[in-house]
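Novice: Provided herewith is a single structure, encoded as structure tokens, for subsequent inquiry.
The values are calculated or read from the model by the stated rules, or taken from the named source; none is laboratory data. All values reported here derive from a predicted model rather than from experimental measurement. Neighbour counts run over all protein chains shown; Cβ positions are idealised from the backbone, glycine included. We work out accessible area using only protein heavy atoms, side chains counted, and drop any ligands, DNA or RNA first. Shrake-Rupley method; radii C 1.70, N 1.55, O 1.52, S 1.80 Å.
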Amino acid sequence: MDKINLLFITYTHSNGGGAENVLTTLVNNLNPNKYNITIQEIDAYNVKKEPLKDYVTLRNRPLRYVGKKTDIFWRFNYSLLHNNPSILKTVFRWKNFDIVVSWNYQLPSFALLAFSDEYKVNLFHTDLYDLDLSRYPEMKKEYELQKRVFDAADRIVTISNYSMQSAKDLFPTVSGKLGFVHNGTNADVILGKASAEMEKAVSLNNNVVKFISIGRLDERKNFSLVLDALGLLNNKGLDFQYLILGQGNLEKALRQQAAALGIEDKVIFLGYIQNPYPYLKASDILCMSSTAEGWPTVVVESMVLGKPFVTTPVAGAGDELSNKETCGFVSDWNAEEYAQKLEKLIKDEELRKMMGDAGKKNISHYSINNSVAEFENQISDAEKLTIRKKSPFFAMLFYIFAYATGYVWVGKNAVGFIFHLRQLIKDFSVIKAGKCAYRFAGMLCSIIFVPLLFVPRMILAAGYCMTGGR
């Protein structure tokens with residue numbers, strides 16, 4: 001039995017984020033005897049190299065090398081991605097794949113429009129409400145392009161109830177294509193990495209509650225909310241430590257905010273950490289404050305390690321993972337409310353333990369084995385498309401039609417030549433002579449080149465049929 005050739009197109013696989021981790025976990029647990037797996041990055045950051053199994057191929061040529069000044073073609077590649085991705089398919093040799101999966105919406109998903117015969121899956125990780133034209137009319141172009149992708153896709157897959165509802169609300173015509181693949185968790189890997197030594201030494205105070213946040217220091221992760229909440233707790237005389245793992249453009253501003261709140265001696269900025277799990281294990285409470293998420297991996301990881309959390313009401317965490325606030329608290333984007341949730345956990349050690357134990361139990365429903373089964377269920381219809389793709393009869397008809405109609409080019413130029421020749425005879429001018437010569441040259445080229453193109457294409461079609469459509 002032939003293996004299924006899988007291509008994953010992702011925004012990046014080298015920036016150490018949650019989406020990269022989830023993709024790595026999935027592909028490393030797919031059956032190598034059933035699939036040939038390839039990953040294509042849009043952007044390469046080269047911050048972290050994900051530990052892929054040797055049967056998974058990561059293409060070493062992205063559309064853009066982020067931060068590399070010699071990368072002069074990325075704007076051109078981005079333009080093609082938005083306007084004519086089929087050219088990118090040729091340039092980057094995205095061929096001989098049976099199933100193409102775009103790993104999120106917008107940029108990675110635009111590449112799906114380059115494919116026709118292949119089975120196309122758009123798997124997105126967050127809600128789509130930033131494409132709501134009633135709120136953001138300036139997103140019209142992005143909305144229309146995403147709609148084209150959804151219309152062209154064979155399956156549209158998401159990872160949480162909230163994300164799926166956003167697709168139903170904004171793109172109601174594609175509801176029949178929707179499905180779930182929850183992010184899979186490999187608890188054994190997380191537990192194993194949590195037992196390793198810390199990469200950077202840090203002085204932890206075991207006499208106080210230790211908070212931790214992990215992620216990029218940018219607007220979306222919204223760590224300033226946690227700092228504001230901790231400032232309120234500090235004003236009440238509550239003691240704590242707060243670890244921040246991550247790097248980003250807001251680090252300076254966050255440091256200044258901590259100083260302004262008078263808690264700079266309680267906040268520890270550790271920068272980017274390859275293995276954050278020992279720090280998470282050593283902490284007591286996870287703080288997750290994002291403005292938007294699809295399925296926050298860091299919350300899942302905290303549950304595996306038995307840590308309660310306080311999260312904002314983002315997709316995944318605010319409903320499924322919190323499990324009606326038995327595993328962690330859900331707060332609005334309000335510093336006072338967020339501080340109240342943190343204060344409850346600071347003062348009640350037994351509550352922290354109960355939530356941690358509940359989290360361990362709840363997260364078992366989202367195992368990697370369940371995720372793989374859900375993924376395979378979503379691509380199960382691909383076999384029907386593969387049969388259609390391998391039909392020699394239809395392949396031969398396609399090539400005959402496409403290149404035999406090239407003679408229309410001959411006829412068009414011939415008609416144009418006769419018309420301009422009559423005009424030239426009736427009233428001679430240099431311009432009319434030029435037009436007549438142009439049409440004659442076009443007719444001559446078409447007579448010569450149409451057969452030359454037709455013959456090799458027919459040979460390719462014959463080879464296509466002999467190999468069963470590969």
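Novice: Restricting to region 251-271, name every residue that is crowded, with 17+ Cβ neighbours inside 10 Å and either part of a loop (DSSP other than H, G, I, E, B) or in contact with a Pro (Cβ under 6 Å, 6 or more places away or on another chain) (or both).
Specialist: L261, I263, K266
Novice: Looking only at region 199-212, which residues are surrounded by fewer than 23 Cβ atoms within 10 Å (Cβ to Cβ) and touching a residue at least 40 places away in the same chain (Cβ under 8 Å)?
Specialist: E199, K200, V202, L204, V209, K210
Novice: Has region 429-446 got at least one residue that is under 29 Å from D117 (Cβ atoms), at pLDDT below 55 and not β-branched (V, I, T)?
Specialist: No, that holds for no residue.
Novice: Moving on. Sort out for me the strands (runs of 3 or more DSSP E) sitting completely within region 79-159 that have 1 or more residues that are more than 24 Å from L26 (Cα to Cα), open to solvent by less than 40 Å² (accessible area, probe 1.4 Å) and not hydroxyl-bearing (S, T, Y).
Specialist: none
Novice: Among the residues in region 310-321, are any in contact with an Asp or Glu (Cβ under 8 Å, 6 or more places away or on another chain), without any contact (Cβ under 8 Å) to a residue 24 or more places away in the chain and not small (G, A, S)?
Specialist: Scanning region 310-321 turns up at least one residue that is in contact with an Asp or Glu (Cβ under 8 Å, 6 or more places away or on another chain), without any contact (Cβ under 8 Å) to a residue 24 or more places away in the chain and not small (G, A, S).
Novice: Looking at region 16-46 only, could you name the residues that are over 19 Å from L123 (Cα atoms) and within 17 Å of the chain's Cα centre (by Cα)?
Specialist: Selection gives G16, A44, Y45, N46.
Novice: I would also like to ask the following. Name the residues in region 232-250 that are in contact (Cβ under 8 Å) with a residue 60 or more places away in the chain, surrounded by 15 or more Cβ atoms within 10 Å (Cβ to Cβ) and not aliphatic (A, V, I, L, M), would you?
Specialist: F240
Novice: So in region 39-60, with the set limited to residues that are among the polar types (S, T, N, Q) and either surrounded by fewer than 19 Cβ atoms within 10 Å (Cβ to Cβ) or modelled with pLDDT under 95 (or both), which one is farthest from E118 (Cα to Cα)?
Specialist: For region 39-60, the residue satisfying everything is N46.
Novice: Something else about it: Can you tell me how many residues within region 313-325 are touching a Phe, Trp or Tyr at 6+ places or on another chain (Cβ under 7 Å) and open to solvent by less than 10 Å² (accessible area, probe 1.4 Å)?
Specialist: Residues that pass the stated criteria total 2.
Novice: Identify, from the list A167, A194, the residue that is over 17 Å from the mean Cα position of the chain (by Cα) and surrounded by 13 or more Cβ atoms within 10 Å (Cβ to Cβ).
Specialist: A194
Novice: From the list L81, L26, pick out the single residue that is within 27 Å of V174 (Cβ to Cβ) and either in contact with a Gly (Cβ under 7 Å, 6 or more places away or on another chain) or of a type in the set (F, W, Y) (or both).
Specialist: None of the others qualify; the one that does is L26.
Novice: How do the pairs read when you match residues in region 349-360 that are under 18 Å from F240 (Cβ atoms) with residues anywhere that are open to solvent by less than 40 Å² (accessible area, probe 1.4 Å) and of a type in the set (V, I, T), using Cβ under 9 Å and keeping only pairs 6 or more apart or on different chains?
Specialist: The qualifying pairs are E349/V209; R352/V209; R352/I285; R352/I346.
Novice: Turning to a different aspect of this structure: Report whether or not T70 is without any contact (Cβ under 8 Å) to a residue 24 or more places away in the chain, open to solvent by 20 Å² or more (accessible area, probe 1.4 Å) and part of a helix (DSSP H, G or I).
Specialist: no
Novice: Looking only at region 203-212, decide whether some residue is in contact with a helix residue (DSSP H, G or I) (Cβ under 8 Å, 6 or more places away or on another chain), among the aromatic types (F, W, Y) and within 18 Å of S109 (Cα to Cα).
Specialist: No, there is no match, as no residue in region 203-212 is in contact with a helix residue (DSSP H, G or I) (Cβ under 8 Å, 6 or more places away or on another chain), among the aromatic types (F, W, Y) and within 18 Å of S109 (Cα to Cα).
Novice: Do we find that V310 is open to solvent by less than 10 Å² (accessible area, probe 1.4 Å) and at pLDDT below 95 in this structure?
Specialist: So V310 does not fit the description; no.
Novice: Taking region 272-287 on its own, how many of its residues are open to solvent by 30 Å² or more (accessible area, probe 1.4 Å) and in a helix (DSSP H, G or I)?
Specialist: Summing the residues that are open to solvent by 30 Å² or more (accessible area, probe 1.4 Å) and in a helix (DSSP H, G or I) in region 272-287 gives 2.
Novice: I'd like to check something: does region 291-311 contain any residue that is touching a Leu at 6+ places or on another chain (Cβ under 6 Å) and part of a helix (DSSP H, G or I)?
Specialist: yes
Novice: I'd like to verify a number: residues in region 54-67 that are part of a loop (DSSP other than H, G, I, E, B) and either of a type outside the set (S, T, N, Q) or over 26 Å from N5 (Cβ atoms) (or both), how many?
Specialist: Going through region 54-67 one residue at a time, the tally reaches 8.
Novice: Spot the failing condition for I9; the list is (1) assigned to a helix (DSSP H, G or I); (2) open to solvent by less than 20 Å² (accessible area, probe 1.4 Å); (3) closer than 28 Å to E376 by Cα; (4) touching a helix residue (DSSP H, G or I) at 6+ places or on another chain (Cβ under 6 Å), and only one is missed.
Specialist: So the condition that I9 fails would be (1).
Matching residues to (1) open to solvent by less than 20 Å² (accessible area, probe 1.4 Å); (2) closer than 24 Å to K281 by Cβ; (3) in contact (Cβ under 8 Å) with a residue 12 or more places away in the chain; (4) outside any helix (DSSP H, G or I):
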{"site": "Q340", "(1), (2), (3), (4)": "no, no, no, no"}
{"site": "N362", "(1), (2), (3), (4)": "yes, yes, yes, no"}
{"site": "S371", "(1), (2), (3), (4)": "yes, yes, yes, no"}
{"site": "N377", "(1), (2), (3), (4)": "no, no, yes, no"}
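Novice: So which residues in region 326-338 are in a helix (DSSP H, G or I) and open to solvent by 30 Å² or more (accessible area, probe 1.4 Å), if there are any at all?
Specialist: If the condition is that a residue be in a helix (DSSP H, G or I) and open to solvent by 30 Å² or more (accessible area, probe 1.4 Å), then E336, E337 are the ones that fit.
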